[in-house]
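Here's the structure, in structure tokens; my notes come after.
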Amino acid sequence: MADVVISFAVQNIIPILQEKLREAGEVETDVENIRYELDRMTAFLKDADSVMGDRDERKENWVKEVRNVAHDTEDVLDKFVLMMKNNQGSGWSNTVLQNFLNCAGNIRFRSDIVSEIKSINTRVNSIKDGCQKYFGLAGGSNSNVDASIDVAYDTRRDALWEEADLVGIEEPKSNLMRLVMEGGLDLRVISVVGTVGVGKSALVKKVYDDAAVKKGFQSHACVAVPQALSDKTNIEELLEDLIKQLYRETMEAVPPEMNTKNKNNLKVGINRFLQQKRYVIVFDDVRSILEWNAIKSAFPDHSNGSRLIVTTRDNAVASYSSVMEENVCRLEPLAPEHSLTLFCQQTFRGRPCPSHLEKITNNILQRCGGLPLAIKSIGGFLASKSNRPDEWDVLYQSLGAELEGTQTLRNLNTILLLSFNDLPYYLKLCLLYMAIYPEYHLIKYNSLIRLWIVEGFVNEIGGQTVEQVAQGYLKELANKNLIRVVKSKENGNIKSCRINYFLREKLLQKAKRQSFLMTVGKNSNGQWDKNARRLSIHGLWENFNPQMSGKKLRSLLAFGVTDLKSISSILELLKSCMMLKVLDLSGLPLESFPKVITKLLLLKHLYLRRTKIKSIPRSIKKLQELEALDLKHSLVTELPIEILQLQKLRHLVISRYEGYVEHSYAPMEKFLGFKLPNGIEALNSLYQLAFIEAIPGTIEEIGNIKELRRLFIFKLGREHGMMVCSSIEKLPNLQSLALFSKTENEILDLDHISSPPASLQELSLSGRLEKFPHWIKSLHNLVKVYFRWSRLRDDPLQYLQDLPSLVRLEILDGFVGEELCFKAGKFQSLKKLYLDTFESLKQVIIEEGAMPNLKRIKIQRCKSLESVPSGIECLAKMEVLKLLYMSPQFIEKLSHEDNHKIAHILKIEFGHNKSGLPMADRGSGQLERPEPPAVGSSQISDFIGC
């Protein structure tokens, strides 16, 4: 994991120290040598991480030495910058730097820097010599690496042919059988995609071994794709394995001319053998499009219904190889009931789970996350244990350690390691960092990508911002099925995700060994790694002692810390964390801003969400490196003028809801943002600004912050109309905009925009509109629209119906008319529709061909509405219909004469009584309490996503 640190050292330390310490004689040469050698070793480190795994202790120790050097090099730079800031205050130009170095009082400091650089240079040369002696840095074959690949390959190949005794796969097996046996006569590539351990290989084996498949095809073969298939030797190995299987099935000897190491000749031989044969061939675990391209050319298409089946963890590989989405089988984790059945098969030989073990069994299955491989591994291990709950609980508490300790779990460990090693290097860092979150933690993408950026894992690429590149990284991890997407945004970006327990445990083990990350808190063993770069505190921290030092720490994040003792421990530790760049104390019941924070002069990321902090000190100006300040749900309502000196700020988020909890209804006047001093245009790097209160000078200056992507303004009045419109027009990169009036009856005057930002994707308007803003019709990138209390007299649908990208439309008290009509052929992209509190609305009409992709409708508190929307029966893709707080007459009609119109919808919820008790939930068989009686802060947060 030293690649980022090395790059950081090469790009930042070298130019500064070479230029400013040239007078120190050999130092410049020493620094150049450090850069050269670390650069040279970076490529080797990447290869070592990809194939070494955890088996080669000698190489592991060598890599650790390189990482330590890279870390120490970073420390030199940070000490240098920190001393500069302590001596010179904010800002450090070349002139300031030169004066600092020439100051008599800092000669000793300069000497120390020189000494440390010379020491690092000596260590680098020693490490280089060791590398050449033991591992051949200059290149060449590495038997240890090759052996590691072979072991992993053999483990996975054995797993493919293991007995596939899965449950709950009847439907996916039926779908896969249909794709294999039916359809056209052209050569079809069928892909089965899913996360590691979800049962892809077992499902394919079930189909491959089916009698109908054996009878329906003349030739059969199934091969596990080796790691690093792009290597010439591995391609030949795969082709040779395939040839042997094909000839073995016919009980023929492989022709002498096929005993070749030439991959092109092998492909020609395979093609010749399969001439005029109907064949089915399985390729297990194809990891990249490049690998698939290296394979596919060997197979002829004679229009006889032949099939190639690919299993993969990568959605991109599945889509590319199968070409058409209908040929992709996406395998999901097992449902809870199927997980329990499989577990009982493995653990109790098919008998039901004993009642005294039900609770611990449920906990274990939760960690397994519906993955058959995990369930089988854990179940098989427990089958050899007694049925004592205390013994099972010991296993539950140490499942991560058990990955190393038993053969059944070691196979799971090996496959997880392969999944990690297959990643490109930049994704390894990003995924490894996700181990910092607690088990089952819902990871919000906004905070995650900001952390990646601050850590230096993400750089600008082409014309993309670092935020856009980071979003792409997260999507890559999702496409490779290494994270589970919990919620997505309408524009396709991931909103929240989780990682599998076993993968997290493997990442955590790896991170701790490399001093990449340390975790403490409840159940902590008290071990303290003084070299750790990141600290994650989970809940009660009982083992703190004053001797613990955080001088090497760059990040500190706290989760679920509420007790005073743990808070005191954290604040005490912070006194030694002078190199800290990330600090997240969200949820801590802090009454005031901790003074120690303003001494953390390298801090880039400060999160104090859900605290009781009321004010920010003027000394915040010391944090000149700060890029993100988040005080959402704190008690802060105003920032000092010194905030304007933090010119590296990219994210500034502050808001709260006075007197209301997050999931209850909040009147408009209870939405509180924060007051910014005039001069906000000085913060010209801002990417996100939320939620500021409308002040004339501030609103005008916002238009000069050209990098703004997300803007949310509270307490707008009619008098602000011209100013806010003028500023919005000047923001060419704006993607999300939310405007809130002072009260529900206050007019939002937004009719002064002629050229809105074409990049706008999300728009929320809360307040009265005298007429519909005409400029919205031109926003072709708009995916989400939210109107509240607009009370328009004209039908708003006529202005929105031709927006080509609109996916989600929410309107609350937005129209005073009696009829809404969705015209034929309109709203082509809409998937979600929410209508709330239309007092006069009597009829909703959906013409044939309107909203062809609609999946979800929610209508609530429309007391005059007489029946379900006319034409709803034509919405073929509808999945969910929610009808809440409607009139008794509406419910009565729905239950009888209108019931047939909604018969095709899988899930339906409706209710109308004042107590909020549910009346029905068809499809799921479960009753759910209807939502609170108006749109509140939870819906606001859902729109904002920050």
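Where a number appears in this text, it was derived from the coordinates with a stated rule and is not lab data. Because the structure is predicted, anything quoted here is derived from the model rather than measured. Here the Cβ positions follow ideal geometry from the backbone for every residue, glycine too, while neighbour counts run over all protein chains shown.
Here the dipole of the stretch 448-565 is about 280 debye; that uses its Cα centre as origin and unit charges on the Cβ of Lys and Arg (positive) and Asp and Glu (negative). By the Stokes-Einstein formula, at 0.692 mPa s and 37 °C, the stretch 148-330 with its Kirkwood radius over alpha-carbon pairs has D equal to 198 µm²/s.
Past 31 Å, Cα to Cα, is the threshold; run K205/K489; K487/K552; K444/K506 against it and keep the listed order. Listed pairs above 31 Å: K205/K489; K487/K552.
The mean sequence separation of alpha-carbon pairs under 8 Å and at least six residues apart, normalised by the residue count of the stretch 148-330, gives a relative contact order of 34 percent. Sorting Y426, Y433 by the number of Cβ atoms found within 10 Å of their own Cβ, with the fewest placed first, yields Y426, Y433. If R0 equals 35 Å, the separation of the Cβ atoms of H900 and N363 corresponds to a calculated FRET efficiency of about 0.20.
Counting other C-beta atoms within 10 Å, which of C874, C430 has the fewest, and how do the rest follow?
On the way: C874 16, C430 23.
Ascending Cβ contact count within 10 Å gives the list C874, C430.
In order along the stretch 535-550, the Karplus-derived 3J(HN,Hα) couplings, from 6.51 cos²θ - 1.76 cosθ + 1.60 at θ = phi - 60°, round to 10, 10, 9, 10, x, 4, 10, 8, 9, 5, 9, x, 6, 5, 10, x Hz, and Gly and Pro are given as x.
Would you mind classifying the stretch 424-511 by shape? Square roots of the alpha carbon gyration tensor eigenvalues, ordered a ≥ b ≥ c; an a/c under 1.5 is rounded, otherwise it is prolate if a/b is larger than b/c and oblate if not. Oblate shape, in that a/c is at least 1.5 and b/c is the bigger or equal ratio.
In a fully extended conformation the segment linking N733 and D186 would gain 192.2 nm over its present Cα-Cα distance, using 0.36 nm per residue.
Around the amide H of V192, modelled in the peptide plane, lie the amide H atoms of V310, T311, T312, C329, all under 5 Å away and 5 or more residues distant in sequence or on another chain. For the stretch 762-806, the residues whose amide N sits under 19 Å from a probe point set 7 Å from the Cα of K670 along the beta carbon direction are 766-767, 788-789. The string of couplings for the stretch 563-576 from the Karplus curve (6.51, -1.76, 1.60, θ = phi - 60°) is 7, 5, 5, 5, 4, 4, 5, 5, 5, 5, 4, 4, 5, 9 Hz, one whole number per residue in order, with x for Gly and Pro. Using 0.36 nm per residue and subtracting the Cα-Cα separation, the extra length available between M177 and R718 on full extension is 188.4 nm.
Tell me, what is the FRET efficiency for Q547 and E337 to the nearest 0.05, using R0 = 35 angstrom and their Cβ-Cβ distance as r?
0.10
Taking a ≥ b ≥ c as the square roots of the eigenvalues of the Cα gyration tensor, an a/c ratio of 1.5 or more together with a/b no larger than b/c marks the stretch 517-621 as oblate. Applying the Karplus relation 6.51 cos²θ - 1.76 cosθ + 1.60 with θ = phi - 60° to the stretch 698-712 yields 3J(HN,Hα) values of 5, 4, 5, 6, 4, x, 8, 9, 5, 8, 4, 10, 10, 9, 9 Hz, where x marks Gly and Pro. For the stretch 230-272, GluC sites (Glu not before Pro) are listed when DSSP marks them as loop and at most 14 other Cβ atoms sit within 10 Å of their Cβ; the list is E252.
Pulled fully out, how much extra length does the chain show between N684 and V486, if you take 0.36 nm times their separation in residues and subtract their Cα-Cα distance? Present the calculation step by step, with values, prior to reporting the outcome.
Numbers: separation 198, 0.36 × 198 = 71.28 nm, distance 3.39 nm.
Length gained, N684 through V486: 67.9 nm.
Projecting the Cα atoms of Q346, N387, I364 onto the charge dipole of the stretch 336-414 (Cβ charges, centred on the Cα centre) puts Q346 farthest toward the positive pole. As a length-normalised measure over Cα pairs under 8 Å and 6 or more apart, the relative contact order of the stretch 517-621 settles at 21 percent. Residues whose amide H comes within less than 5 Å of that of S840, counting only those at least five positions distant or on another chain, are absent (H built at 1.01 Å from N in the peptide plane).
Note on E591 and K530: their simple-model spin labels are 3.6 nm apart, each label 7 Å out from Cα toward Cβ.
Report relative contact order for the stretch 336-414 in percent, whole number only (criteria: Cα-Cα under 8 Å, sequence separation at least 6). Show your work: numbers first, answer last.
Values: 63 pairs, mean separation 25.4, N = 79.
RCO, the stretch 336-414: 32 percent.
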